[in-house]
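Only one structure is covered here, and it is reproduced in the block below.
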Amino acid sequence: MNERTLQKPHWVDFHCHLDLYRDHVELIAECDQERVATLAVTTTPKAWPRNRELAANATHVRVALGLHPQLVAERASEVGLFEHYLADARYVGEIGLDAGPRFYRSLPDQERVFERILCACAEQGGKILSVHNIRAVGKVLGHIERALPASRGRVVLHWFTGTAAEARRAVALGCYFSINKEMLNSPKHRQLIAELPEDRLLTETDGPFVLIQGKPIRPREVADTVSQLAALRAIPMEGMRRAILDNLRAVVSSNVS
Ligand code: MN
């Protein structure tokens with residue numbers, strides 16, 4: 001096995017909050033050790049420099065610049081700082097909209113921030129985005145349709161819970177879907193996930209917000225999700241794993257501009 005083969009990722013965790021774990025540094029090493037291509041999303045642009053520094057020498061960890069919609073009520077003013085760092089960021093997230101009961105009041109501010117981020121991404125080009133869309137799938141897709149043409153950026157919908165019609169609309173817009181363990185626990189979402197196009201599927205953990213036996217899920221545990229996805233879609237595990245890696249490659253390489 002040559003060095004290049006050794007460095008190929010084996011698994012994909014396209015949405016994990018590494019900086020919210022107590023053992024952030026050890027987790028980065030674990031992602032490299034277990035060859036999990038991990039997207040470390042952040043919730044505020046203030047977290048960007050430290051996350052970047054810690055992952056600077058990692059083989060399989062990439063850091064995304066974020067401004068979480070659930071924090072926009074208090075942190076909308078940080079969009080300026082977000083734009084300041086954006087030129088250095090290939091990956092963007094966590095961003096998006098949350099119209100759940102706790103965050104509904106800030107939805108107009110969230111939409112303003114989201115639109116501004118999408119426009120900045122479209123202007124710079126070549127960004128890869130991990131997008132939150134709780135109870136706001138239609139609005140999220142509307143903003144993407146208006147502000148970020150597929151030729152100017154790649155969108156991965158994180159924890160998608162929309163309808164089949166919304167999924168078709170997202171596919172038509174060029175979006176990918178990162179699937180986690182909790183999504184597969186819902187019978188309604190299982191049905192939808194079973195029907196998503198294979199060439200648009202990625203996996204994620206959304207750790208530490210998803211638990212396994214009471215403990216925050218770790219990126220390497222995304223292997224269970226690949227296995228469940230394979231079973232759900234009635235294909236061999238190895239075929240599912242390779243398809244997800246191919247999709248990661250497509251997301252990362254389709255977008256150089
Ligand atoms: Mn998240």
**Request:** Output yes when any residue across segment 25-40 is of a type outside the set (Phe, Trp, Tyr), at pLDDT 95 or above and under 15 Å from Val131 (Cα atoms), and no when none is.
**Result:** yes
**Prompt:** Mind checking which pairs have a first residue in segment 149-163 that is without any contact (Cβ under 8 Å) to a residue 60 or more places away in the chain and a second that is part of a strand (DSSP E or B) and within 16 Å of the ligand (Cβ to nearest atom), Cβ under 6 Å, 6 or more apart or different chains?
**Reply:** Val155/Leu129; Val155/Val131; Leu157/Val131; Leu157/Asn133; Leu157/Phe177; Phe160/Phe177
**Message:** Among the residues of segment 34-48, what is the count of those that are farther than 25 Å from Arg112 by Cβ and more than 16 Å from the ligand (Cβ to nearest atom)?
**Reply:** 4
**Request:** Please specify each residue of segment 116-134 satisfying the condition of being more than 18 Å from Ser178 (Cβ to Cβ) and not hydrophobic (A, V, I, L, M, F, W, C).
**Result:** Arg116, Glu123, Gln124, Gly125, Gly126
**Request:** Filter segment 5-26 down to the residues that are out of contact with any Pro (no Cβ under 6 Å at 6 or more places or on another chain) and of a type in the set (D, E, K, R), then identify the one that is farthest from the ligand (Cβ to nearest atom).
**Result:** Lys8
**Message:** in a strand (DSSP E or B), open to solvent by less than 20 Å² (accessible area, probe 1.4 Å) and closer than 23 Å to Glu198 by Cβ: is that true of Leu141 in this structure?
**Reply:** no
**Item:** Qualifying positions in segment 118-136 - out of contact with any Cys (no Cβ under 9 Å at 6 or more places or on another chain) and more than 16 Å from the ligand (Cβ to nearest atom)
**Value:** Leu118, Cys119, Ala120, Cys121, Ala122, Glu123, Gln124, Gly125, Gly126
**Residue within segment 97-104 that is part of a loop (DSSP other than H, G, I, E, B), within 16 Å of the ligand (Cβ to nearest atom) and open to solvent by 60 Å² or more (accessible area, probe 1.4 Å) present** = yes
**segment 34-67: number of residues that are assigned to a helix (DSSP H, G or I) and basic (Lys, Arg)** = 3
**Request:** Please verify whether segment 111-126 includes one or more residues that are hydrophobic (A, V, I, L, M, F, W, C), over 23 Å from Tyr21 (Cβ atoms), at pLDDT 95 or above and in contact with a Phe, Trp or Tyr (Cβ under 7 Å, 6 or more places away or on another chain).
**Result:** yes
**Flag for Ala122 being under 21 Å from Ser253 (Cα atoms) and open to solvent by 10 Å² or more (accessible area, probe 1.4 Å)** = yes
**Request:** Could you tell me whether any residue of segment 94-106 is polar (S, T, N, Q), within 24 Å of Glu221 (Cβ to Cβ) and in contact (Cβ under 8 Å) with a residue 24 or more places away in the chain?
**Result:** no
**Prompt:** On the given criteria, is Val72 assigned to a helix (DSSP H, G or I), more than 13 Å from the ligand (Cβ to nearest atom), β-branched (Val, Ile, Thr) and in contact with a Lys or Arg (Cβ under 9 Å, 6 or more places away or on another chain)?
**Reply:** yes
**Asked** Does Glu111 satisfy being surrounded by fewer than 17 Cβ atoms within 10 Å (Cβ to Cβ) and either of a type in the set (Asp, Glu) or at positive phi (or both)?
**Response** no
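The values are calculated or read from the model by the stated rules, or taken from the named source; none is laboratory data. All figures in this text were calculated on a predicted structure; none of them were measured in a lab. Backbone-built Cβ (ideal geometry, glycine too); neighbour counts: all protein chains shown. Please note that ligands, DNA and RNA were not included when accessible areas were found on the heavy atoms of the full protein model with its side chains. Shrake-Rupley method; radii C 1.70, N 1.55, O 1.52, S 1.80 Å.
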